[in-house]
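The values are calculated or read from the model by the stated rules, or taken from the named source; none is laboratory data. Quick caveat, the model's predicted, so the values are computed rather than measured. Methodologically, a virtual Cβ is constructed for each residue, glycine included, from the backbone with ideal geometry; neighbour enumeration extends over all protein chains shown.
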Amino acid sequence: MSSSAAYRDTSWASDIDHVLLSEEEIQEKVAELAARLREDYAGRQLLLVGVLKGAAVFLSDLMRHLSMPLCIDFVQLRSYGHATISSGQVEIVKDLEWSVEGWDVVVVEDIVDTGRTQDYLLRQLHMRGAGSVRICALLSKPSRRKVDVTIDYLGFDVPNVFVVGYGLDFAERYRNLPFVAVLRPEAYKTP
Ligand code: 5GP
């Protein structure tokens, strides 16, 4: 189903103000990022670390383009709760199962906003002895950055708007939309 068809069919259509990135644009970018990863990590010991829950969709699509042997693990960090502004605090909700020691780690993230989550995670991974650590993020909001982080593999820069879809939620909803969209203000008021 194309993005526009999904948009028409979903009962959430009325919540959406506009589609920022279509399903087609996202899938094309995911394939491009995967091609770069395939080249850069050929013959290396690659561990993809997905940041739950937002990166679940991105990681699933990305890894299916990666034909070389690799492992995956997930970490869940909290910095937002059910609000659209960051608290500035980062804590581990679910830790990695894997020891990262000696692994070439690529952190797979949905969006880098202030940069605090990635800054915290990168420090943790280096402290735990990862061989190398790079960030692969689908989205970045450069105008919101508080901590300088290098995104080695970036999908798209987005403006300072709160986005949902393709893994990203508002109050746990909208993660399953195949595109990235901006909600109407009224949608923030529904339970
Ligand atoms: P940071 O630590 O970079 O400020 O925040 C990163 C996290 O904030 C992301 O993983 C994501 O969960 C959340 N976040 C930041 N901006 C947005 C947004 O526009 N939409 C949604 N749904 N989450 C966001």
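On the basis of being surrounded by 13 or more Cβ atoms within 10 Å (Cβ to Cβ), of a type in the set (Gly, Ala, Ser) and either free of Cβ contacts under 8 Å to residues at least 40 places away in the same chain or touching a His at 6+ places or on another chain (Cβ under 8 Å) (or both), does Ala34 make the cut?
yes
For residues in region 104-117 being out of contact with any Leu (no Cβ under 7 Å at 6 or more places or on another chain) and buried (at least 23 other Cβ atoms within 10 Å of the Cβ), which is nearest to Asp73 (Cα to Cα)?
Only one residue fits best here, namely Glu109.
When you look at Tyr153, is it more than 9 Å from the ligand (Cβ to nearest atom), aromatic (Phe, Trp, Tyr) and within 21 Å of Arg64 (Cβ to Cβ), yes or no?
Spelling it out, Tyr153 is indeed more than 9 Å from the ligand (Cβ to nearest atom), aromatic (Phe, Trp, Tyr) and within 21 Å of Arg64 (Cβ to Cβ).
Scan region 167-184 residue by residue and report those that are closer than 11 Å to Leu139 by Cβ and either more than 10 Å from the ligand (Cβ to nearest atom) or part of a strand (DSSP E or B) (or both).
Leu168, Val180
In region 71-127, what count of residues is obtained for those that are touching a Phe, Trp or Tyr at 6+ places or on another chain (Cβ under 7 Å), away from the ligand (no atom under 12 Å from the Cβ) and at pLDDT below 95?
Summing the residues that are touching a Phe, Trp or Tyr at 6+ places or on another chain (Cβ under 7 Å), away from the ligand (no atom under 12 Å from the Cβ) and at pLDDT below 95 in region 71-127 gives 0.
Gly155 - would you say it is under 28 Å from Arg44 (Cβ atoms), in contact with a helix residue (DSSP H, G or I) (Cβ under 7 Å, 6 or more places away or on another chain) and touching a residue at least 12 places away in the same chain (Cβ under 8 Å)?
Yes; evaluated as a whole, the condition is true for this residue.
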